[in-house]
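Where a number appears in this text, it was derived from the coordinates with a stated rule and is not lab data. The structure presented is a predicted model; accordingly, all values stated were derived computationally and were not measured. Here the Cβ positions follow ideal geometry from the backbone for every residue, glycine too, while neighbour counts run over all protein chains shown.
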Amino acid sequence: MGKLGNVRVDAEQKLVYAQGGARWEGVNRETHKVGLACVGAICDTVGVGGYTLAGGNGYLTGKR
């Protein structure tokens with residue numbers, strides 16, 4: 001899946017498109033370029049699918 005790691009941001013619609021092998025590093029990098037952030041992983045090496053399916057803590061996660 002590592003070759004399927006492209007991430008694209010539609011800043012106007014505020015949508016992120018990530019391929020199956022994308023990691024949060026790419027999502028965070030691309031969203032930050034356009035002044036956006038998303039609830040996702042702080043650990044950049046984790047795949048998007050893992051956090052999407054099993055949850056986790058991100059930059060926008062509330063304190064407990």
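What do you get for GluC sites (Glu not before Pro) in the stretch 1-47 restricted to DSSP loop and a cutoff of at most 16 other Cβ within 10 Å of the site's Cβ? When the GluC sites (Glu not before Pro) of the stretch 1-47 are filtered for loop state and at most 16 Cβ neighbours within 10 Å, 12 remain.
Computed on the Cα trace of the stretch 1-54, the radius of gyration divided by the Kirkwood hydrodynamic radius gives Rg/Rh = 0.94. Using 0.36 nm per residue and subtracting the Cα-Cα separation, the extra length available between residue 19 and residue 37 on full extension is 4.7 nm.
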